[in-house]
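The values are calculated or read from the model by the stated rules, or taken from the named source; none is laboratory data. From a predicted model like this one, the values you see are computed outputs, not experimental measurements. Positions of Cβ are generated from backbone atoms using ideal geometry, with glycine treated the same way; all protein chains shown enter the neighbour counts.
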Amino acid sequence: MASAASALFATALVMALMLAGSSICHAARFLAESTSAATPAAVPAVPAVPAAAALPPLPAVTVPPMPTVTAVPTATLPPMPTVPTVPNAALPPMPAVPAVPKVTLPPVPAVPKVTLPPMPSIPGVPKPFLAPPPSA
């Protein structure tokens with residue numbers, strides 16, 4: 001129940017934001033088109049970006065030379081042993097699967113039609129109704 005209420009609240013919030021955003025957009029466009037542009041003197045000047053301070057030079061660092069990597073010696077591998085072959089043996093014949101006997105099922109009895117008593121109306125409880133068919 002809480003999940004359904006939360007989802008409903010989230011949907012309502014999104015719809016409200018969409019409606020509010022669209023009306024603000026139209027209002028802003030209308031205001032921009034209807035009013036004259038403001039004079040440039042009324043807008044304060046943007047301050048200039050300060051110049052970057054020069055960094056002191058970095059001292060030169062000598063790096064020791066890279067040691068040479070010793071080569072990996074090539075080794076000869078022994079030959080791969082051969083896989084023994086499996087002798088071709090005669091297998092016994094596959095036993096026959098017995099057939100499933102054909103069985104006829106009895107007919108399923110029909111469920112008798114039962115009329116239900118009318119539903120009592122309870123005041124204060126909305127009565128469910130069918131939605132109208134869609135117009136094609």
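Would you be able to say whether some residue in region 96-108 is exposed (fewer than 10 other Cβ atoms within 10 Å of the Cβ) and within 48 Å of the chain's Cα centre (by Cα)?
Taking region 96-108 and keeping what is exposed (fewer than 10 other Cβ atoms within 10 Å of the Cβ), we get 96-108.
Applying the additional criterion that residues be within 48 Å of the chain's Cα centre (by Cα) yields 108.
Yes: one or more hits.
Please tell me if residue 127 is charged (D, E, K, R) and modelled with pLDDT of 85 or more.
No; evaluated as a whole, the condition is false for this residue.
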